[in-house]
Amino acid sequence: MNHPGTPVLKAVPWAQVGKPLPHESARLHVLGQATYTDDIPEVQGTLHAALGLSSKPHAKIVVLDLAAVRASAGVVAVLTVDDIPGTNDCGPIIHDDPILADALVMYVGQPIFIVVADTHDNARRAARLGAVTYDELPAILTPQAAKAANSYVLPPMRLARGDYQGAFERAPRKVEGQLYVGGQEQFYLEGQISYAIPKEDSGMLVLCSTQHPSEMQHVVAHALGRHSHHIVVECRRMGGGFGGKESQSALWAAASAIAAAHLKRPVKLRADRDDDMLVTGKRHCFHYEYAVGYDDEGKILAAKVDMVTRAGYSADLSGPVATRAVCHFDNTYYLSDVDIRAACGKTNTQSNTAFRGFGGPQGAIAIEYIIDEIARALGRDALDIRRLNFYGAGGTDVTPYGQVVVDNVIHELVAELEQSSDYRARRDAIARFNRDSPVLKRGLALTPVKFGIAFNVTHLNQAGALVHVYVDGSILVNHGGTEMGQGINTKVMQVVAHELGVDLAHVRASATDTSKVANTSATAASTGADLNGKAAQDAARQIRERLAAYAARQYGGAAALVRFSNNTVFANGHEVAFCDLVQKAYLARVQLWSDGFYATPGLHWDPKTMSGHPFSYYAYGAAVAEVVVDTLTGEWKLARADVLYDAGQSLNPAIDIGQVEGAFIQGMGWLTTEELWWNPGGKLMTHAPSTYKIPGVSDCPEDFRVRLFENRNVEDSIHRSKAVGEPPLLLPFSVFFAIRDAISALGGHRVDPPLNAPATSEEILRAVAAVEAALPGAA
Ligand code: MTE
Ligand code: HPA
Ligand code: MOS
């Protein structure tokens, strides 16, 4: 039997795209032979660095006494802000992000000094010996407190359409409330790491686990006071990034390079897990206040949401994250009259950053929470209310920011999932179960997703690639994207192999390297394969066209009629092995390598009015989750999950299904077990897996049915595929709302459980208690 998600292959004569091929490094991963940054053999003379961290959330540094650090075993150097030859900044957009604290600390965990020692252990031991005298200042720790204090990292933003106030006042029914959704640690398995190796004449090679080599090059150049051409940043692969290495690998890259430049020796900085979690930013938590008007059928007439996030001490990517939240509040729903506000609270905590979904999940979960309440108030199945509000046609297809939804498949997709998951019959069975089960309650929810694909900063939507065909017919592709496990190299290799009509085995992808492709964007916003796939296709096509012209000269006929497939070139009745043609073409002095470039067409965005056409297209999906909740202990289990995701014409269904599964479980962790907790002194106490619970393999549902929706991108994306990296992270909304549904069964679905995320067992018990207290007849 086919893998359940494998679509029928299109009947094309040669296809290297669309096949469920294994990840190009799967074998190496399994054998332990895949090289991560820390596996690269060390150069002789390599030293190891560690960071000395602030223990106060907001304070002036009065005395910094590093004598004990210097005297510690194996220590070679201790560096502070005064030792930075260039700019003390690693902020990606707004330059408010010091590499090392300069007289002021802004969060517990902020790096103050770099210690370099002979071994990793000696550096870490020494880093703890810094004696800092602080003059403490008042600290702001929560987004609500930041809002009350008018403390923001950038001006609040607002997107309004229509007449919200009038529509709200006229609406026959209203729902108002608040919601809190916590943040999330990226928890990449490979932590932050950077290894800087000085090269001749001011050169610096930086081997770094990063989603954004070009940005690392830029930050290192600035920190060292050198030009970009002095700096080479290389990344073969990451053991996960999840957004956490989009901007925040910069601190580690800069610190290792500063130390290496200072000592003129190679320096490696590998973060220990606790330091990694204490120092780096996470997914933004959000607090929402909402007021929505609707009619007796459940149609939303007016929607207002006021969101405030915990940005942390600096801006980092909070602006684009909040913008994406604003542009995803609508999710799959047409909202005629809206007032959407978002503010980035400046707090004395880690500077929050990108994390899979990039604000999209935080925007969309609010409207889902609201719809859940509308359904309960009307005594209707939430699916009916969702469907009633879906984007439609003829005016109900325009998003609040003005982009017309031209590719909407949510109606068909949800209908298919409703059928295949047996939603209605299971709803009835669950109601029967709950009638006879006072303690264990079952819950069910179907939630939809629409996710905009493109960087919401227009100029970032560009990519480059370099394809080399060697004389033996083997092919090397290099592109600006980075591999973090998501399979970008496999997909780009498939595209190149397809274009040149050869098997995947002919093609190899090399490490991302700023000296090969310049000025690249982060591999982020789910656009990696979209952008770099197109760029590599462009490069491969140019080579193919040169080969075709050569073949036409050799064998006659038109170049346009030359075919490349099955490792063979077909020209005017002749069949030549690809390798043989390449060899002949080389001797005839045909250029066998090419660059390629791509810039996504049609995008524009006006940040002042928050309107335009920020996305190239939308990816869709939906999920049904069924849970069992123990209402006495707050424990719960995901019994079954059915997922349908629109990857367009998937480049690689095996990889895409893996992405959907991974994102689903990761999103489920965010909304259920992963709780970040700062103590009143502003220290993050959940800074290791002992206190921070990510999902384990046993948390995956026994019955997990993930399929890809048959579709084709209406946009001219790479082979009409759609992005898959982030959108499925929103699918486990279904788990959260199934839990809420189960709790609400306690009161016969008459009371809205005030459930915040993460729905930990404690939070579930709080909601249970609130429902019981609110029931008619409760004491
Ligand atoms: N999958 C794995 N295995 N590891 C990762 O770090 N990051 C996610 C997603 N899937 C990630 C992943 C994020 S945040 C993004 S933006 C995309 O992959 C980036 O890759 P792509 O654009 O090539 O899909
Ligand atoms: N996603 C990820 N990174 C980004 C984005 C985005 O939408 N916009 C700017 N940087
Ligand atoms: Mo992904 S959060 O855009 O790196």
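Observations on the model:
- Selection from segment 244-268 of residues that are open to solvent by less than 10 Å² (accessible area, probe 1.4 Å) and within 27 Å of the chain's Cα centre (by Cα): GLY244, LYS245, SER247, SER249, ALA250, TRP252, ALA253, ALA254, ALA255, SER256, ALA257, LYS268
- Of the residues TYR164, TYR195, TYR188, TYR180, the single one that is in contact with an Asp or Glu (Cβ under 7 Å, 6 or more places away or on another chain) and aromatic (Phe, Trp, Tyr) is TYR164.
- Any hit, segment 374-388, residues being part of a loop (DSSP other than H, G, I, E, B), within 16 Å of ligand 3 (Cβ to nearest atom) and among the small types (Gly, Ala, Ser): no
- Test: residue in segment 564-573 that is in a helix (DSSP H, G or I), surrounded by 24 or more Cβ atoms within 10 Å (Cβ to Cβ), touching a residue at least 40 places away in the same chain (Cβ under 8 Å) and not small (Gly, Ala, Ser): no
- Selection of first residues in segment 683-702 that are part of a loop (DSSP other than H, G, I, E, B) and of second residues that are modelled with pLDDT of 95 or more and open to solvent by 90 Å² or more (accessible area, probe 1.4 Å), restricted to Cβ pairs under 6 Å at least 6 apart or on distinct chains, gives the following pairs, ordered by first then second residue: MET685/TRP677; THR686/TRP677.
- Contacts under 8 angstrom Cβ, first residue in segment 315-330 being without any contact (Cβ under 8 Å) to a residue 24 or more places away in the chain, partner within 14 Å of ligand 3 (Cβ to nearest atom) and open to solvent by less than 10 Å² (accessible area, probe 1.4 Å), 6 or more apart: none
- Qualifying positions in segment 34-54 - of a type in the set (S, T, N, Q) and either open to solvent by less than 60 Å² (accessible area, probe 1.4 Å) or in contact with a strand residue (DSSP E or B) (Cβ under 7 Å, 6 or more places away or on another chain) (or both): THR35, THR37, THR46, SER54
Yes/no matrix, rows are residues, columns are (1) open to solvent by 10 Å² or more (accessible area, probe 1.4 Å); (2) modelled with pLDDT under 95; (3) within 16 Å of ligand 3 (Cβ to nearest atom); (4) among the charged types (D, E, K, R):
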residue	(1), (2), (3), (4)
HIS479	no, no, no, no
THR482	no, no, yes, no
ASP503	yes, no, no, yes
THR514	yes, no, no, no
ASN519	yes, no, no, no
SER526	yes, no, yes, no
ASP530	yes, no, yes, yes
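- Within segment 269-305, tally of residues that are outside any helix (DSSP H, G or I), within 28 Å of VAL43 (Cβ to Cβ) and open to solvent by 10 Å² or more (accessible area, probe 1.4 Å): 3
- Meets criteria (out of contact with any helix residue (DSSP H, G or I) (no Cβ under 8 Å at 6 or more places or on another chain), buried (at least 24 other Cβ atoms within 10 Å of the Cβ) and outside the structural domain of GLU215 (by TED's automatic domain parsing)) for ASN489: yes
- Note on segment 432-452: among residues that are touching a residue at least 12 places away in the same chain (Cβ under 8 Å) and out of contact with any helix residue (DSSP H, G or I) (no Cβ under 7 Å at 6 or more places or on another chain), the one that is surrounded by the most Cβ atoms within 10 Å (Cβ to Cβ) is GLY452.
- Qualifying residue in segment 337-347 (condition: among the polar types (S, T, N, Q) and over 17 Å from the mean Cα position of the chain (by Cα)): yes
The values are calculated or read from the model by the stated rules, or taken from the named source; none is laboratory data. This is a predicted model, so every value here is computed, not measured. Note that we place each Cβ from the backbone using ideal geometry, even for glycine, and neighbour counts take in every protein chain shown. These area figures cover heavy atoms from the full protein model, side chains too; ligands, DNA and RNA do not enter into them. Shrake-Rupley method; radii C 1.70, N 1.55, O 1.52, S 1.80 Å.
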